[in-house]
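Engineer: Below you'll find the structure I mean.
The numbers here are math on the coordinates, done by the rules we state, and not lab data. Keep in mind it's a predicted model, so treat the numbers as computed, not measured. We place every Cβ from the backbone using ideal geometry, glycine too, and count neighbours over all the protein chains shown.
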Amino acid sequence: MRDPRDDSTIADAKTDADGSYVVVAPAGVWEVKAKGKILGDFASVTRGFIVTNVGQQVSMDSLDIFAYEAALVAPSDAATLGLPTGPDPVTFRWSPPRHAILSARAQLYNASGEAVWFSAKSSDSSAVWDGVGNQGSFTGSGLPEGAYTWRVKFDLPDSSEARTPSWRLSFQ
């Protein structure tokens, strides 16, 4: 956690056994910003809070709560599929969040964590992929067999973004 006035570190965040973030901070008004770890991930998610007593402990739910109970449905975690093609695509499905969204998009990453394909933004709960990449150096190329991960990213009405946890996927 950094002081917004001079960017100095004022407290470190830890996670507890439930995945909640725990911060012990001095009295004041503070903002916690969590940055995405994967290239192409959300830029950041910000949570604000007020500490009224010196040394007061503040606990925040895991940031995955920002997906508002949305869940990945298919392909299942650790699924192995044939490489998709135009006539035989892969359909990514998810259950929608319990809060309103502006749009959602499926995101596919290779084993190195590089973005290889993003679906178009849509209000649907599914996206179809024909096996051709559309991100970075993968644009326009059929992707090779291998290990991938996928998830869904949501745009929320308050201009924030949310995502589901990632699931693993293999194409053979």
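Engineer: Check the range 165-172 and report whether any residue there is closer than 20 Å to ARG93 by Cβ and of a type in the set (S, T, N, Q). Don't jump to the end; show me each part of the working.
Structural biologist: Of all residues in the range 165-172, those closer than 20 Å to ARG93 by Cβ come to 165-171.
Next, only the ones that are of a type in the set (S, T, N, Q) stay: 166, 170.
Yes - at least one qualifying residue is present in the range 165-172.
Engineer: Also, quick follow-up: Being part of a strand (DSSP E or B) and buried (at least 17 other Cβ atoms within 10 Å of the Cβ) is the filter here, so list the residues in the range 106-128 that pass it. Steps first, please.
Structural biologist: Of the residues in the range 106-128, the ones part of a strand (DSSP E or B) are 106-110, 115-118, 122, 126-128.
ALA106, GLN107, LEU108, TYR109, ASN110, ALA115, VAL116, TRP117, PHE118, ALA127 - these are the residues of the range 106-128 that are part of a strand (DSSP E or B) and buried (at least 17 other Cβ atoms within 10 Å of the Cβ).
Engineer: Take the range 132-166 and flag every residue that is in contact (Cβ under 8 Å) with a residue 12 or more places away in the chain, of a type in the set (Gly, Ala, Ser) and assigned to a loop (DSSP other than H, G, I, E, B).
Structural biologist: GLY133, SER160, SER166
Per-residue answers, yes or no, for (1) in contact with an Asp or Glu (Cβ under 9 Å, 6 or more places away or on another chain); (2) not polar (S, T, N, Q):
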site	(1), (2)
ASN110	no, no
TRP129	no, yes
ASN134	no, no
PRO157	no, yes
SER160	no, no
SER170	yes, no
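Engineer: I would also like to ask the following. Limited to the range 71-98, what total is found for residues that are part of a loop (DSSP other than H, G, I, E, B) and not basic (Lys, Arg)? Reasoning before the result, please.
Structural biologist: Within the range 71-98, the first condition is being part of a loop (DSSP other than H, G, I, E, B), and the residues that meet it are 75-78, 82-89, 96-98.
Remaining after also requiring not basic (Lys, Arg): 75-78, 82-89, 96-97.
Adding up the residues that qualify gives 14.
Engineer: Which residues, counting only those in the range 119-144, are of a type in the set (A, V, I, L, M, F, W, C) and in contact with a Gly (Cβ under 8 Å, 6 or more places away or on another chain)? Explain how you work it out, then say what you get.
Structural biologist: Pass one, the range 119-144, residues of a type in the set (A, V, I, L, M, F, W, C): 120, 127-129, 132, 138, 143.
Passing the criteria: VAL132, LEU143.
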